[in-house]
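The values are calculated or read from the model by the stated rules, or taken from the named source; none is laboratory data. These figures come from a predicted structure and were not determined experimentally. Counting neighbours? That spans all protein chains shown, and the Cβs are built from the backbone with ideal geometry, glycine included.
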Amino acid sequence: MADFKVTELDPELDFGNLPYWDVVIIGAGPAGLTAGLTTAHRALTTLIIEAKDKPGGQPQFLYADKRIVDIPGFPDGITGEELSARVYRQAVDALVQFRFNEELVSIEDTEDIEKGDSLKRVVTSKGEYLCRKVIIAVGLLHFPRKLPVLDELDSKKVHYKMPKIGDYEGGHVAIIGGGDSALDAAVMVQQRNGNVHLIVREDEPVGKADTLQRIREAGADVRLSSEVASASFAGGQMQLSLSDGTTIDVEHAIV
């Protein structure tokens with residue numbers, strides 16, 4: 001295997017008037033950003049197209065405030081937002097170019113040949129780009145299935161991802177679910193001075209056992225084999241009636 005050799009792009013390149021790109025990457029999540037770093041460091045002109053208004057993908061949009069502890073090189077962990085910002089900065093420094101708020105429409109073959117490659121035409125919602133190679137790195141953003149019983153409240157206090165709240169100031173928060181995302185959300189709420197009510201449909205949460213133990217030791221109210229049967233507002237709080245016959249009052253609900 002040939003050794004990887006970093007070759008920098010010429011900073012004097014006029015990226016706005018290139019006849020074609022060496023590489024166009026669809027998606028500015030972790031995979032797309034990493035691919036862009038690799039191609040740019042091989043002196044390949046690289047354009048990353050992202051449908052959203054910022055880079056980062058899942059770490060940025062689903063758990064920006066979560067401290068990720070399994071990324072090599074960060075023994076104390078790093079939040080999704082910090083990780084996204086660092087990788088994006090690396091890509092910009094490597095002269096990767098970006099287009100945000102731009103969606104892929106189609107990829108078409110052309111009859112043009114450059115450096116032995118048949119050029120592709122990448123058509124987006126805002127324009128089109130010729131390139132030698134296309135890398136698809138759209139990834140997957142998973143959002144929990146919405147709960148009609150909570151959606152009917154039409155409230156900004158019902159969240160389907162971790163809300164950006166700095167301090168819950170002793171407030172009560174219901175977290176519905178027993179997977180790792182739910183348990184991570186519970187940890188973050190407790191770290192911000194919130195009281196957690198974990199509502200789990202199964203007999204036992206399916207998330208990491210050590211995280212569950214940590215939540216319980218911090219005083220979480222864990223309800224097993226239970227679901228939200230109905231919800232309403234009373235006195236400025238959300239009142240959740242559970243399938244086990246009990247009722248809890250909370251300021252926020254995270255699904």
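Residues of the range 41-79 being of a type outside the set (S, T, N, Q), outside any loop (DSSP other than H, G, I, E, B) and free of Cβ contacts under 8 Å to residues at least 40 places away in the same chain, which ones? Even if it seems obvious, please write down each step before you answer.
Within the range 41-79, the first condition is being of a type outside the set (S, T, N, Q), and the residues that meet it are 41-44, 47-57, 59, 61-78.
Retained after the next criterion (residues that are outside any loop (DSSP other than H, G, I, E, B)): 42, 47-49, 59, 61, 67-68, 78.
Across the range 41-79, the qualifying residues are R42, P59, R67, I68, I78.
Is it the case, given these coordinates, that A94 is within 13 Å of the chain's Cα centre (by Cα), among the aliphatic types (A, V, I, L, M) and either surrounded by 17 or more Cβ atoms within 10 Å (Cβ to Cβ) or under 19 Å from G139 (Cα atoms) (or both)? Spell out how you get there, then give the answer.
Details: within 13 Å of the chain's Cα centre (by Cα): no; among the aliphatic types (A, V, I, L, M): yes; either surrounded by 17 or more Cβ atoms within 10 Å (Cβ to Cβ) or under 19 Å from G139 (Cα atoms) (or both): yes.
In short, no.
Where the second residue is among the polar types (S, T, N, Q) and assigned to a strand (DSSP E or B) and the first is within 12 Å of A253 (Cβ to Cβ) and touching a residue at least 12 places away in the same chain (Cβ under 8 Å) and lies in the range 188-202, which pairs have Cβ atoms under 9 Å and are six or more apart or on separate chains?
V189/N195
Looking only at the range 48-64, decide whether some residue is modelled with pLDDT of 85 or more, closer than 21 Å to D117 by Cβ and in contact with a Lys or Arg (Cβ under 9 Å, 6 or more places away or on another chain).
Yes, the range 48-64 contains a residue that is modelled with pLDDT of 85 or more, closer than 21 Å to D117 by Cβ and in contact with a Lys or Arg (Cβ under 9 Å, 6 or more places away or on another chain).
Got a sec? Which of K161, K156 is free of Cβ contacts under 8 Å to residues at least 60 places away in the same chain and assigned to a loop (DSSP other than H, G, I, E, B)?
K156
Tell me the residue from S241, S225 that is among the hydroxyl-bearing types (S, T, Y) and assigned to a strand (DSSP E or B), please.
Working: S225 fails: assigned to a strand (DSSP E or B).
Only one candidate qualifies: S241.
Yes or no: A28 under 17 Å from V134 (Cα atoms), in contact with a Phe, Trp or Tyr (Cβ under 7 Å, 6 or more places away or on another chain), of a type in the set (G, A, S) and part of a loop (DSSP other than H, G, I, E, B)? Even if it seems obvious, please write down each step before you answer.
On the way: under 17 Å from V134 (Cα atoms): yes; in contact with a Phe, Trp or Tyr (Cβ under 7 Å, 6 or more places away or on another chain): yes; of a type in the set (G, A, S): yes; part of a loop (DSSP other than H, G, I, E, B): yes.
So A28 passes the test.
Restricting the first residue to the range 207-218 and requiring it to be not assigned by TED's automatic domain parsing to the domain that holds V187, which pairs with a second residue that is of a type in the set (D, E, K, R) meet a Cβ separation below 7 Å and a spacing of at least six or different chains?
none
Looking at the range 195-217, which of the residues that are assigned to a loop (DSSP other than H, G, I, E, B) and crowded, with 22+ Cβ neighbours inside 10 Å is modelled with the lowest pLDDT? I'd like the intermediate steps shown before the answer.
Step one: of the range 195-217, the residues assigned to a loop (DSSP other than H, G, I, E, B) are 200-208.
So of that shortlist, the ones also crowded, with 22+ Cβ neighbours inside 10 Å come out as 200, 205.
Values: V200: 95, P205: 88.
The qualifying residue modelled with the lowest pLDDT is P205.
From (1) modelled with pLDDT of 95 or more; (2) of a type in the set (K, R); (3) surrounded by fewer than 16 Cβ atoms within 10 Å (Cβ to Cβ), pick out the condition that doesn't hold for R121.
(3)
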